[in-house]
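Take a look at the structure set out below.
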Amino acid sequence: MANHNQHADVVSTTEINHVDIAIVGGAMAGATLALGLAELAKQQAGNRVIKIALIEAHKPSSEHPGFDARSIAISHGSIFELKQLGLWQHLDALAEPIHNIHISERGNFGMTELNRESFHLPYLGKVVELEAVGNKLFSLLEQSDVALYCPAKLQNVVAGIDSQLLTLEDGQQIAAKLLIAADGVNSKVRQAFNQPLEQVDFNQTAIIANIQVEQPHHGWAYERFTQTGPLALLPMAANQGESRLSMVWALEPSDAERLLNAPKAEFISELQHAFGYRAGRFIDIGARFSYPLMLSYMPRPIYQRTIFLGNAAQTLHPIAGQGFNLGLRDVVCVIDVLKQVLANPEPHDIGSVAVTHAYLERRKADRQSTMNNIEFLVRGFSNDYWPLVIGRNLGLRLLSWFPPLKAPVARQAMGWRKG
């Protein structure tokens, strides 16, 4: 694999590298897509070489902060898809299984549980630390046929009839038949094409940190609805024998600002008060980070010869932990659409209107239903209107009293969707 940034000083700005597919953004969605497409190119291309370029601004750090590493939950359905892409075998050793999910509301009687045994599964999902996964994915990229431009920043992109012309900050230029934007909510590609982004502000701020707990977590994940918003705790792999949970706590912005800067003991005390002792006693906390919570989405995540996916297409509230799982379904859809193109013996334009619109149509229902469900959850569980409080608590109780009702809830939590 060629690393095109090592000799950037000798590359002429008039020298254009022509590729079939250029991916901007090499985080979880972009790196996964690049590796999946590289494997597809091997299987489907025949005698034709499919050239793929990945542009990413930052290299994953070689240091593993461990206690302070951010984590995400990968659903059972997403793990299945990663296995199909041939990637999960490289990531499984980094993952901690979720065996049970406990859902409750602070100060009210509503609660329910989802258990792996009820669905005859070895796990409901798994938790990974992003830095460790990032290092592994980049290691795989460096062994692949993907042309990796990293560290490299996109300066501009100009739409053409036959290709998109990307110019990097160091002057290198790439012409791509198909451009895939996986460069996050502040997508440079979206801004270059002046495409609209809709946003719904939930007036909440999330604090993220890793918590050390006194007792083993035994694979339990927790979603607790508090007066200010949801509080999620995910099981993490033990670090030097210490039991750890990854925390996402949605708060009113003023509370978040106060707690972000509060002494460690004060933060732990307030967290314990909000969550309770179901997971045991919290005894330490890593570095705290925060970000505003909103739903951001592109009404039409395509443009001329361009597909937007992952957080570039939609950024979700973390209430149900579905951000990467929805983005991975975007990735799988792109690969499926292109698989049909590459399997066609007739010459076909890989960036044609037919390709981008096939992606748009196939992703429409899943995107919309997932965003609607999450907005419903956020508004329904961040509201003290008494009839709503009674309704949602009865709903949680019904799930406990009548287990067959859990099946569609679990199916959604585990990421099994069409599309």
Problem - Within region 254-292, trypsin sites (Lys or Arg not before Pro) in DSSP loop having at most 16 other beta-carbon neighbours inside 10 Å - result: Arg278, Arg281
Completion exercise
Over its alpha-carbon atoms, region 213-272 yields an Rg and a Dmax in Å of 12.7, 36
Handout entry: Linear extension gain, Asn186 paired with Ile283, 0.36 nm per residue minus alpha-carbon span
Key = 31.3 nm
Problem - Kirkwood Rh in Å, taken over region 164-304 so that all alpha-carbon pairs contribute - result: 17.9 Å
Exercise for the section: Just grab the label-to-label distance for Asn203 and His218, each label 7 Å out from Cα along the Cβ direction, in nm (one decimal). Expected result: 4.0 nm
Problem - Point-to-point label distance, Ala262-Ala354, nm (Cα→Cβ direction, 7 Å offset) - result: 5.9 nm
Exercise for the section: May I ask you to give the percent of accessible area on region 269-350 that is carbon plus sulfur, with a probe radius of 1.4 Å? Expected result: 52 percent
Practice task
Could you pull the accessible area for Ile74 with a 1.4 Å probe, rounded to 10 Å²?
Solution key: 0 Å²
Completion exercise
In whole percent, the fraction of accessible protein surface over region 153-243 that belongs to carbon or sulfur atoms, probe radius 1.4 Å, stands at 43 percent
Exercise for the section: Quick one: net charge around Met236, please, counting Lys, Arg +1 and Asp, Glu -1 for every other residue with C-beta under 9 Å from its C-beta. Expected result: -1
Exercise for the section: Just flag the chymotrypsin sites (Phe, Trp or Tyr not before Pro) in region 244-314 sitting in loop per DSSP whose Cβ has no more than 13 other Cβ atoms within 10 Å. Expected result: Tyr277
Handout entry: Partners for Lys177 among lysines (Cα-Cα distance below 19 Å; same-chain residues under 8 apart left out)
Key = Lys42, Lys51, Lys188, Lys339
Exercise for the section: Could you do me a favour and compute the accessible area per residue for region 187-287, 1.4 Å probe, result in Å²? Expected result: 44 Å²
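The values are calculated or read from the model by the stated rules, or taken from the named source; none is laboratory data. Predicted model, so just to flag it, every value in this text is computed and none were measured. Quick reminder, even Gly has a Cβ in these numbers, built from the backbone with ideal geometry, and neighbours come from all protein chains shown. The protein model used for the area step is the full one, side chains on, heavy atoms only, and it has no ligands, DNA or RNA in it. Shrake-Rupley method; radii C 1.70, N 1.55, O 1.52, S 1.80 Å.
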